[in-house]
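As structure tokens, the structure follows; a few thoughts come after it.
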């Protein structure tokens, strides 16, 4: 029995070292990623968190490794009792009605950001990503979301299939914010 328990600290140390190495590798690789906007602007206006809650449909995004093969992507935000925000991202594999892969996280609003900047974690309390609502419609029908490195960008809407004119207006707005639209990938959504 003593032999088995003496192996536990070694095993725990190995698991911890592997986890730290994996996180360091991810951080290093993401730091090397190309920026689609070398001068990310500050958010254009404040965000009312209560109005931002609910379901958003991803219309387009910058290509990224964690959404490879995803279609029918949604993000749902809901207020928690403790003041944080629950975030549920759903990806449908290969087609808009494919098998769902769900990622659950939590977010907190960055103090002094007018509600437009969040810190979001899908990996526990120690790894937070920055999420900036760069612009949004006055009626919260759409939003453009990025982060300070310029490597990630999402165009979201409440309607999964807005008109082409609305979509073109959103891509024009992303271009005006300094984003390289050649990196955009349109997300397929189910239509009614």
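The single condition from (1) touching a helix residue (DSSP H, G or I) at 6+ places or on another chain (Cβ under 7 Å); (2) modelled with pLDDT of 95 or more that residue 114 fails is (1).
For (1) assigned to a loop (DSSP other than H, G, I, E, B); (2) touching a helix residue (DSSP H, G or I) at 6+ places or on another chain (Cβ under 7 Å), each residue gets a yes or a no:
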position	(1), (2)
36	yes, yes
51	no, no
56	no, no
61	no, yes
71	no, no
75	no, no
82	yes, no
89	no, no
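Filtering the stretch 68-115 to residues that are on the phi > 0 side of the Ramachandran plot and surrounded by 16 or more Cβ atoms within 10 Å (Cβ to Cβ) leaves 72, 115. The residue that is surrounded by the fewest Cβ atoms within 10 Å (Cβ to Cβ), among those in the stretch 143-189 that are under 17 Å from the mean Cα position of the chain (by Cα) and without any contact (Cβ under 8 Å) to a residue 60 or more places away in the chain, is 145. Does residue 150 meet the test of being within 26 Å of residue 69 (Cα to Cα) and assigned to a loop (DSSP other than H, G, I, E, B)? Here the answer is yes, as residue 150 does meet what is asked. When restricted to residues that are in contact with a strand residue (DSSP E or B) (Cβ under 7 Å, 6 or more places away or on another chain) and part of a loop (DSSP other than H, G, I, E, B), the stretch 114-144 contains 6.
The values are calculated or read from the model by the stated rules, or taken from the named source; none is laboratory data. Bear in mind that the values here come from a model prediction, so they are computed numbers and not experimental data. Note: ideal-geometry Cβ built from the backbone for every residue, glycine included; neighbour counts use all protein chains shown.
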